[in-house]
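Coordinate-derived values only; no laboratory data. From a predicted model like this one, the values you see are computed outputs, not experimental measurements. Every residue, glycine among them, receives a Cβ derived from its backbone with ideal geometry; neighbour counts consider all protein chains shown.
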Amino acid sequence: MILDPSLTAAYVVVAAALAISPGPDVLFVVANGMRHHARGAIASALGIGAGSLVHAVAAAVGVSALIAASPVAFDVLRYAGALYLAYLGFQALHAWYRNAAQADDAVTLVETTTWRIFQRGLTTNILNPKVVVFYLALLPQFVNAALGHVGLQIFLLGCIHNVFGLTFLLGIGLAAGRASGWLATTSFGRWMDGIAGVFFIGLAVRLALSGKPEQ
């Protein structure tokens, strides 16, 4: 047996509760859903899920501990993530401004490939050092060292959390995509890029100004 049954049962409850709590990942998926409809929301959710999987591996092999122990490494990740989110935000605002400058009622949403949207979700999640600290603070509490394979236990616990989180984000993504598809046919459609841009920039500011959380 790799995981402790009693610890894992308690962890499942915690992981499920944390997965459905509102946070930056939800805003990111909703913003992409507003810009690129269901395919954008789902692709960004899958990208975030892939990023969480990378964090689970990093926590299992000890890389996360090294990053969390280094203020410089933590800040480099934090500012890189904030700059990337700000870049996405200004891209969306530029698209909104271009639409707002049109004289007619036509709205031209900036399209991009599904793979590119997936990469954005993956990149933003990997560059979020708060996920590093979160995994280090939470997962070891549900590891039974007596069973051995501590790294594998941490990885599996990270995967369990990822399953809950990804399922919730996909549900939110489908809802956002359906709503954006309808809103695009109304006068509100002109504002979708702008609102998405504000979401991205707000997340960038939040990440840049937040310090390292206590473990």
Mean separation of Cα pairs under 8 Å and 6+ residues apart, divided by the residue count of the chain: what relative contact order is that in percent?
44
Counting Lys and Arg as +1 and Asp and Glu as -1 over every other residue whose Cβ sits under 9 Å from the Cβ of L207, the net charge comes to +3
Add -39500 (n - 2.57) for each DSSP H run of 4 or more in the chain, then divide by its residues: what number comes out at 222 nm, to the nearest 500 deg cm²/dmol?
-26500 deg cm²/dmol
Most mobile of R120, R178, R35 in a GNM of the chain (Cα contacts under 10 Å)
R178
Residue order, fewest to most surrounding Cβ atoms within 10 angstrom, among Y79, Y11, Y97, Y135:
Y97, Y79, Y11, Y135
The ³J(HN,Hα) series, computed from each phi in the range 87-98 with the Karplus coefficients 6.51, -1.76 and 1.60 at θ = phi - 60°, rounded to the nearest Hz and given as x for glycine or proline, is 4, 5, x, 5, 4, 5, 5, 5, 5, 5, 5, 5
Determine ³J(HN,Hα), in whole Hz, for all residues of the range 41-52 in sequence, where each value follows from phi through the Karplus function 6.51 cos²θ - 1.76 cosθ + 1.60 and θ = phi - 60°; x replaces Gly and Pro.
5, 5, 4, 5, 5, 5, x, 4, x, 5, x, 5
